Amino acid sequence: MSDNKVYLKAEAIGGLIDEMTQALKSRLELLQISNPVMIGVHAGGVWLAQRLHDRLQIAEPLGSLDISFYRDDFTRIGMNPQVKPSQIPFSVDDRHIVLVDDVLQTGRTIRAAMNEIFDYGRPASILLATLVERSGRELPIQPGVVGIRPPLNLEQHITLTGPEPLELVIGESKQNAGDNSD
Amino acid sequence: MHKPNVQLSEKGKLKHFLTIDGFNRTLLTEILDTAESFTGVFERTVKKIPLLRGKVICNLFFENSTRTQTTFEVAAKRLSADVLNLNISTSATAKGETLLDTLRNLEAMHVDMFVVRHADSGAAHFIARHAAPHVSVINAGDGRHAHPTQAMLDMFTIRRHKGEFTGLRVAIVGDILHSRVARSQILALNTLGTSEVRVIAPRTLLPAACRTLGVHVYHDLERGIREVDVVIMLRLQKERMQGALLPSEHEYFQLYGLTEDRLQAAKKDAIVMHPGPIKRGVEMDSLTADGPRSVILQQVSFGIAVRMAVMSMALGSQGVAR
């Protein structure tokens, strides 16, 4: 059992998303990328990506990935019956991709997402934007744009709930049970 | 529930897929939903996902079926599993001991799943009972008994075109007596809540206890398909027929062959299905088989997604069971 506390409410998250929008703009400008496409990781990453996609006024529709088919723990946890088909409504070949997720912890979700993206084609580059970056990395994966870096110990897990309103919730659990924040 | 379903793991997850019998609506719907999520994979550059990488799937076919074997093979390969194809003609294999020996040898090669096709009813059950605990078995057709993945791909095709099963009227036409497909279809249709299932066949091609299956029986094609949403044609299984069950193929077509003309009796938006291979001019004419209402080739494509779903659910439940 875990005891959940709201860490950030919708309004504060809206502020973070504004800051991330600005950071993404200057980052893309610096990299001389004028025509990026955006992909959100199901589900929290998609909620966040929808907001960033609007604010950045990206021409191409938003893509979404459900990385269930690419998880490295499939044989341990089995099939997730609620897999949403991934939808990438554009060709990823030679495109600059902004990959969006809610929480970056172990890096395994992002590894899986990148594997899936490469099965759609060969992108020019991938830039990672996450609302939360926290401790617990198990793979060499680095975000380009981050909303907030809360100091958390490994027993604590942080989750984005939504889609309306968005809230960041911190829970404490002994076994990380039900933790989806990787 | 008087006895545990051998097809489920201790945690109630799909372990073997041998027959539709014993599965509830929730599990059948889960198979259809999972299959739905795999259809997106076919539209990508790389039509492959790494879900079953490192797993070994063995197609154990004691009876020839190029189409079924190929779709199982494609499904396994799309999931990145390694595939062994073994065609063992029944005549070369004495049953019982030898089948067990074959099984033990394949297990020693670290096979994780057997896809079994056999002329004897119950063969897949036999293998499931005797296989090592980590091995899953999928029935790809056993005798006159069952062909559950074919039934599920038919359900998938119907759901794609018609949405819900409630309110639907479905007619199955032809050789019900010898058809494991029909048996599995009727079970699946009723489990999923189809409003009315009809079977249309001459008396000689109907099993004696047909009505206990929960179907309405017709002997006249035009009356039977009146106002139906789905017409499923079956193959005449001449290889299983002994004695004079049929006067002639020509006469059969006169009475039970589907034509565009006869199809007028069904609903305007009715779809026509057939598990294949079709005998044109016997079960249906070419105009109907290739006509606008035929979804026969879609059934083949959907078959891959459905088999991917069953394979991944069965092999994914291994870790959960322990």
Exercise. Can you give the FRET efficiency for B:Arg223 and B:Leu86, using 1/(1 + (r/R0)^6), R0 = 41 Å, r = Cβ-Cβ distance, to the nearest 0.05?
Worked result: 0.35
Exercise. What ranking do B:Cys210, B:Cys58 get, fewest neighbouring Cβ atoms within 10 angstrom at the top?
Worked result: B:Cys210, B:Cys58
Seminar exercise, completed: Filtering chain A for DSSP H helices with an axial alpha carbon extent of at least 24 Å and a Kyte-Doolittle mean of at least -0.5 returns A:10-30
Exercise. With contacts defined as alpha carbon pairs under 8 Å and 6 or more residues apart, what's the relative contact order of chain B in percent?
Worked result: 21 percent
For this session: Any lysines with Cα under 18 Å of the B:Lys48 Cα? List them, leaving off those in the same chain fewer than 8 positions away.
Result: A:Lys84, B:Lys77
For this session: Go ahead and run the numbers for FRET between B:Thr204 and B:Asn64, Cβ-Cβ distance against an R0 of 41 Å, rounding to 0.05.
Result: 0.95
Problem set entry | Relative contact order (%) - region B:177-322, alpha-carbon pairs under 8 angstrom, separation at least six | 20 percent
Exercise. Looking at region A:115-156, which GluC sites (Glu not before Pro) are in a loop (DSSP not H, G, I, E or B) and have at most 12 other Cβ atoms within 10 Å?
Worked result: A:Glu138, A:Glu155
Exercise. B:Leu18: net charge of surrounding residues, Cβ under 12 Å, Lys/Arg +1, Asp/Glu -1, itself excluded?
Worked result: +1
Exercise. Can you put A:Thr109, B:Thr98 in order, fewest other beta carbons within 10 Å first?
Worked result: B:Thr98, A:Thr109
For this session: Any chance you could give the angle, 0 to 90 degrees and rounded to 10, that helix B:180-191 forms with the longest Cα principal axis of chain B?
Result: 90 degrees
Problem set entry | lysines whose Cα lies under 28 Å from that of A:Lys25, excluding same-chain neighbours fewer than 8 positions away | A:Lys9
Exercise. Which distance in nm do the two modelled labels at B:Gln254 and B:His110 give, with both placed 7 Å along the Cα-to-Cβ direction?
Worked result: 6.2 nm
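Any read-out appearing in this document is the output of simple, stated calculations on the displayed coordinates, not a laboratory observation. These figures come from a predicted structure and were not determined experimentally. We place every Cβ from the backbone using ideal geometry, glycine too, and count neighbours over all the protein chains shown.
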